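Before I ask anything, here is the structure I am working with.
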Amino acid sequence: MYTKLELLGKGHFGEVWKEFDSYTDRVYATKYIPLGRSGFQDNLDEAKLMVASESRYTVKVFSASRYGDEFVIRTEYMKNGTVESACAAGPVPMKEFYSWFPDICRGLAHLHGKGVLHRDIKPANVLIDAQGDVKLGDFGLALMEGTHPEHGSIAYTPTLTPESDFVDSQAGDIYALGCLAYRILNGEDEWQRQIRSVATGPNPGLALRTATKEGRFPDRRVWPPYITAKLKRALLKSLNVDPGKRFASSIELCEAVERSIPKIYWSYDPSQGEWAGESKDPRDKRLWKLNVASGKAVAKRSINGSSFRRVTNLGTSLNGLNPNEAIEATIRAIEAA
C-alpha cells in the first residue's frame, strides 16, 4: 500500500511525490503524469529509456504502469533533493562542484553510448542521494538519437541551445552541460537575473532565444573570482555557439574539468560577504578567509585550527579594480605562494 508523504515537485508534465510502500518499507519518488498532459505518444517511454540506460549515474526505476487516467513511474528516492536546491542558496562550493560535475558528465556519456539524448539537463534534473552522490533523472524529454519527438508544441521550455529550440544532438546535450556548470558555479539567482535582463520587449521568448543564439546568454564574462582559467576554458568550449567547436563527447569535457582542479577549494558566503578556502590536500591544514575592507581585498589564515589572522603580504588594493577583481588577484597570489 502506497502512502503519499510529501509533494517533491510539480510542473507541466505532472507531480512527483515522496511515497512510502508499507508492504516493502521502501520510500519512492513517484511521478504522476495525467494522460495527454505531455502529448507524448507513450508516457511510459520515459521509464523504458531510464531502464535501458540504467547505470550508477542514473536514477533507478522500480515500476511504471497506468492507473486510471494517469501514468505512474516509481523511482528511487534521492534523500538530498536536487542540485537546483543547492544552487538556490548561491554559488555552490568548488569542492561540491568537482565532486558532482565529472559524474554528471560520465552519466551523460553512458546515455550517449546507449544512443540516448537526455535533452533536459538542468539543476532540477540532477538529484543527490544520501551519500552526496549525484544521478541524472527526469527522462521526460529523452529520445533515442535519430528519432523525433511526438509532442509537437508543448507548454514547457527546456534548455535552449544556440542552434535549436530543443536539444537534438549530443552536441546540444554537451551545451546543456555547460549551462548546468554555469548555474552551479554562479548560483540560480545570477542565472535568473540574466534571463530577466535579456528576456525583454514585446516578445521576451524571442529576445531570450536571440541572446542564446548570439552567445550573449549566459554571459560568458560572469564567473566567481576563484574560477581557474583552465576551468573557464573548458566550460566556454562547451558553451560555444558553434556545435562543431564544442567537445566531441561529455567524457572529453569531464577530463578537461578534472585537469582544472585547483590547489584550494573556494566558496562564497553571501550572508557574510566572505570567501573561504581549504586545500584539496588533506595534509595541508591551512584555512583561508577573504573579504573586502577599507578599499582592499584582505586575506586571513588559520593553521591547524588556530584563530584567523591577517596575512599582511597577501592582499590587493582596489585601485581601479572592482571587488571581485581584487579578490581574484588575491586568490591567485595565495595559490602561487
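Rg and Dmax of the range 2-76, using alpha carbons, in Å: what are they?
When restricted to Cα atoms, the range 2-76 yields Rg and Dmax of 12.2, 34 Å.
Among all the aspartates and glutamates, which ones have a C-alpha under 17 Å from Lys285's C-alpha, if same-chain residues fewer than 8 places away are not counted?
Of all the aspartates and glutamates, those that pass the test against Lys285 - Cα under 17 Å, at least 8 places apart if same chain - are Glu335.
Another question about this same structure. What are the equivalent ellipsoid semi-axes of the chain, built from the alpha-carbon gyration tensor (square roots of five times its eigenvalues), in whole angstrom, biggest first?
39, 24, 18
May I pose another question? Report, in deg cm²/dmol and to the nearest 500, the calculated mean residue ellipticity at 222 nm for the chain, where each DSSP H run with n ≥ 4 adds -39500 (n - 2.57) and the sum is divided by the residue count.
-9500 deg cm²/dmol
Here is a further query. Could you rank the peptides 210-219, 301-310, 178-187 by their average count of other C-beta atoms within 10 Å per residue, with the highest value first?
178-187, 210-219, 301-310
At 30 angstrom or more along the helix axis (alpha-carbon based) and mean Kyte-Doolittle of 1.6 or higher, what helices does the chain contain? Whole DSSP H runs only.
Taking the DSSP H segments of the chain (at least 30 Å long, mean hydropathy at least 1.6), we get none.
Please enumerate, by chain and number, the lysines with C-alpha under 28 Å from the C-alpha of Lys213, excluding those fewer than 8 residues away in the same chain.
Within the straight-line cut-off, Lys213 pairs with Lys122, Lys230, Lys232, Lys237, Lys245.
For the range 83-258, taking Cα atoms only, what is the radius of gyration to one decimal and the Dmax to the nearest whole Å?
Answer for the range 83-258, Rg first and Dmax second: 15.3, 47 Å.
Give the peptides 19-28, 261-270 in descending order of average Cβ contacts within 10 Å, highest first.
The most tightly packed comes first, giving 261-270, 19-28.
Round to a whole angstrom and tell me the spacing of the C-alpha centers of the range 265-337 and the range 193-215.
The range 265-337 and the range 193-215 have Cα centres separated by 36 Å.
Here, each number is a calculation from the coordinates, and none is a lab measurement. Remember, predicted model here, so these are calculated numbers, not experimental data. Every residue, glycine among them, receives a Cβ derived from its backbone with ideal geometry; neighbour counts consider all protein chains shown.
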